[in-house]
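First the structure, in the form of structure tokens, and then the observations on it.
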Amino acid sequence: MAERWGISIPMRDGVQLAADLFLPAATEDGMPTIVVRTPYGRQSHALIQQARFFASHGYAVLNVDVRGRGDSEGVFTPYRNEGRDGYDTVEWAAAQPYASGRVGTLGGSYLAKSQWLCALEHPPHLQAMVTLVSPSDAFVEWPTGTPVPSHLCWLFLVSGRTVQNTHALDWENIYWHLPLYTMDEAAGRVIPQWREEFTHPTLDAWWQEISYQQRFGEIDLPVLHVSGWYDDEQVGTLRNFVGMTTHAPSARARAAQRLVMGPWPHQVNESTRIGDVDFGPEAVIDLSGLELRFFDRWLKGIDNGVDREPPVRYFLMGKNEWRDASAWPPPDTAYVPWYFHSRGSANGSIGDGTLSTRKPSVEEPADRYKYNPLNPVPFLTQPTSEQIGGPDDYREVHLREDVLVYTSDPVHEELEVTGPVCVELYAATSAPDTDFMAQLHDVWPNGYVQRLCDGMVRVRYRHGMDKAVFTQPGEVMRLAIDCWNTSHVFLPGHRIRVHVTSSAFPKYDRNPNTEDALGLSERLECAEQTVYHDALRPSAVILPVIKR
């Protein structure tokens, strides 16, 4: 194998990006190239091993430090240069004497979104992409109008030219800092990107410049999409797959999309276990082999059957086995409402909240709780972890009175829930702005309360992220809370549970319940919250049920 370290790739404005090149031992003309562009250090052990794997299978591989990171020149501004720099890198790679002119891109998280931005620039020699755990556009993963607390941890990570040590800081305390705008000072480093984002609390032109999910009709490429049910950016991958199968400009591209969803966090395919839950021996797959087959088909033209296989492969939790489907969501999905019920005291798991497919009666009283941002409901996570939440046990959280808990009777037969989950909530608040959060759980017979998926709505953005619209005290709102996706079987004896509350800290920042500009004020107010579930206002979780 031939390896060339520290080569330079020129960009159109004269900036030189640093790269390492990996070639097969028997170098031949006409090799396809795989480009990997990263802000995390091109010489990480994982990227070098990945490059050597693909080089051993007949590919040239370029690992590149993005602009302003590692040994590359220029200034790093997240995502702002990745489209143009990606184009220039792909075209440089295609012009090398060993190259066939067919280029693919590969990578996860930041490395995935940067591929989408590159594809929008239409480099002529880009032929295929493998995108893992893709971030979404602004305000999709966190529809809050503010950057979420963990985003500061990431900005700190990339705030120098090399990866910074985020484990040296006490993030659990930093996340409590107010106002949010100066939280970077609490972390010990002023970060201009953090502060700039607070000046754009709506989906404006500044955000549209680095948006891609409304432009799938411009991307005519085969794409392999990979994520996990506990990926904190999961929604991006599924939205991308659906967007490309629906809107890609050619029938060839629409048919060439492939989706793999495993029982994984953001660090996909590394373990069969997340926290206390083990998903069994089938949970880890030969992902490198899957990527290789995809590239072999679309960069080498090998007829290996990839384009004739089912486009969707997903892991069914509970049963802990893989399933295939012809689309996402699976075509045989039935969307079944499970309605909230109580006698007005659904506060906590000791309350009287229930969940059933029976529609509520006219007389059912509403449930009420007080949201105090000084005492937010926790979202179970480790502040410096690479993942934000897993199949964590929420039984202690469900002892709180400011959490409304609705639980079904034990199911008598297997109930498969696969697809997007939504909570339709009829609610009112005493505040001009507040949050409503919902989570779906599996309550095991032994009492373990496994989180499956969750979502939130910030009331001022209930009509969209393009403008803030405050509410009047007591105004009843119909809120659609997107709880993302899951694939899980509720086994006999297990119970379905939904909780509703107004905070999930520190996954999301605490809503101060005021009309103040988000993130710029230290003023916090309590809010009196009401959730309705009667015949005219039937709050419910809509479950995507698969009947086999």
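A short reminder: the numbers here are calculations on the coordinates, not readings from a lab. Being a predicted model, the structure only gives us computed values, none of them experimental. Note: ideal-geometry Cβ built from the backbone for every residue, glycine included; neighbour counts use all protein chains shown.
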Contour excess over end-to-end distance, with Cα ends at Ala334 and Ala2 and 0.36 nm allotted per residue: 114.1 nm
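Once you charge only the Cβ atoms, +1 for Lys and Arg and -1 for Asp and Glu, what is the size of the charge dipole of the chain about its Cα centre, to the nearest 20 debye?
On the way: 48 positive and 70 negative charges, 152 e Å.
It works out to roughly 720 debye.
Please pull out the direction-averaged projected area of region 333-546, using the convex hull of its alpha-carbon atoms, in nm² to one decimal place. Let's see the in-between values first.
Details: hull surface 47.3 nm².
Computing the convex hull of the Cα atoms and averaging its projections yields 11.8 nm².
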Selection from Gly30, Leu203, Phe379, by position along the positive dipole direction of the chain (Cβ): Gly30
Region 149-198: C-alpha gyration tensor shape, a/c 1.5 cut-off, then a/b vs b/c: oblate
Derived scalar couplings ³J(HN,Hα) [region 51-59; Karplus, 6.51 cos²θ - 1.76 cosθ + 1.60; whole Hz; x for Gly, Pro]: 4, 5, 4, 5, 4, 5, 10, x, 10
Pairwise FRET efficiency - Asn375 versus Glu73, Cβ, R0 = 51 Å, nearest 0.05: 0.60
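For region 333-546, what is the charge dipole size about the Cα centre, in debye to the nearest 20, if Lys and Arg each add +1 at the Cβ and Asp and Glu each add -1 at the Cβ? It would help to have the intermediate numbers written out before the result.
Working: 19 positive and 29 negative charges, 42 e Å.
That gives region 333-546 a dipole magnitude of about 200 debye.
Would the chain count as rounded, prolate or oblate if I go by the C-alpha gyration tensor, calling it rounded below 1.5 in a/c and otherwise prolate when a/b exceeds b/c, oblate otherwise? Walk me through the numbers before you get to the answer.
On the way: a/c = 2.12, a/b = 1.51, b/c = 1.41.
Verdict is prolate for the chain.
Taking R0 as 45 Å, what FRET efficiency do you get between Gln208 and Ile350 from their Cβ-Cβ distance, rounded to the nearest 0.05?
0.40
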Positive-end residue of Val362, Ile542, Thr530, charge dipole of region 333-546 with Cβ unit charges: Val362
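For region 19-168, what class follows from the C-alpha gyration tensor (a ≥ b ≥ c being the square roots of its eigenvalues): rounded when a/c is under 1.5, otherwise prolate if a/b is larger than b/c, else oblate? Mind dumping the intermediate values first?
Working: a/c = 2.16, a/b = 1.65, b/c = 1.30.
Since a/c reaches 1.5 and a/b is larger than b/c, the shape of region 19-168 is classed as prolate.
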Helix-derived mean residue ellipticity, 222 nm - over the chain, DSSP H n ≥ 4, -39500 (n - 2.57), to 500: -4500 deg cm²/dmol
Dipole magnitude of region 149-198 about its Cα centre (Cβ charges: Lys, Arg +1; Asp, Glu -1), debye to nearest 20: 180 debye
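Per 0.36 nm of contour for each residue apart, how much would the distance between Arg343 and Arg368 grow if the chain were fully extended, relative to their Cα-Cα spacing?
Numbers: separation 25, 0.36 × 25 = 9.00 nm, distance 1.12 nm.
Once the chain is fully extended between Arg343 and Arg368, it gains 7.9 nm.
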Options Gly455, Val405, Gln127, ranked by Cα towards positive dipole end of the chain, top entry (Cβ charges): Gln127
Degrees, to the nearest 10: 234-247 long Cα axis against longest axis of the chain: 70 degrees
Residue exposure sequence - Met465, Met477, Met1 - by fewest surrounding Cβ within 10 Å: Met1, Met477, Met465
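Could you tell me which of the pairs Lys359/Lys547; Lys359/Lys467; Lys359/Lys507 are separated by over 27 angstrom between their Cα atoms in the structure shown? Write out the running numbers ahead of the final one.
Details: Lys359/Lys547 21 Å; Lys359/Lys467 34 Å; Lys359/Lys507 32 Å.
Checking Cα-Cα distances, Lys359/Lys467; Lys359/Lys507 exceed 27 Å.
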Helix 82-94 axis, angle to the chain major axis (alpha carbon atoms, nearest 10°): 30 degrees
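Using Cβ counts within 10 Å as a stand-in for footprinting exposure, how do Thr471, Thr105, Thr131 rank, fewest first? Provide the component values of the computation, followed by the final result.
Values: Thr471 19, Thr105 30, Thr131 26.
Ranking Thr471, Thr105, Thr131 by Cβ neighbours within 10 Å, fewest first, gives Thr471, Thr131, Thr105.
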GluC sites (Glu not before Pro) within region 1-108, DSSP loop, no more than 16 other Cβ atoms inside 10 Å: Glu28, Glu73
Pair Phe470, Arg395: separation of 7 Å Cα→Cβ label points (nm): 4.4 nm
At 0.692 mPa s and 37 °C, Stokes diffusion of region 502-548 via Kirkwood alpha-carbon radius, µm² per second: 228 µm²/s
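By counting other Cβ atoms within 10 Å of each Cβ, how are Asp137, Asp324, Asp220 ranked from fewest to most? Don't skip to the end; give the middle numbers.
Details: Asp137 20, Asp324 11, Asp220 17.
Arranged by neighbour count, lowest to highest, Asp137, Asp324, Asp220 become Asp324, Asp220, Asp137.
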Cβ crowding within 10 Å averaged over residues, with 146-157, 293-304 ranked highest first: 146-157, 293-304
Separation of the Leu536 and Glu309 label points, Cα + 7 Å toward Cβ, nm: 5.5 nm
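Computed FRET efficiency, Cβ-Cβ of Lys359 and His167, R0 51 Å: what is it to the nearest 0.05? Provide the component values of the computation, followed by the final result.
Working: r = 50 Å, r/R0 = 0.99.
For Lys359 and His167, the calculated efficiency is 0.50.
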Hz values of 3J(HN,Hα) by residue in region 470-486 - Karplus curve (6.51, -1.76, 1.60), Gly and Pro given as x: 7, 10, 9, x, x, 5, 7, 10, 9, 10, 9, 9, 6, 9, 6, 10, 8
Virtual spin-label span in nm between His463 and Glu196, 7 Å along Cα→Cβ: 3.1 nm
Considering only the chain, percent of DSSP beta bridges that pair antiparallel, nearest 5: 70 percent
The chain: angle of helix 110-119 to the longest principal axis, Cα-based, in degrees nearest 10: 70 degrees
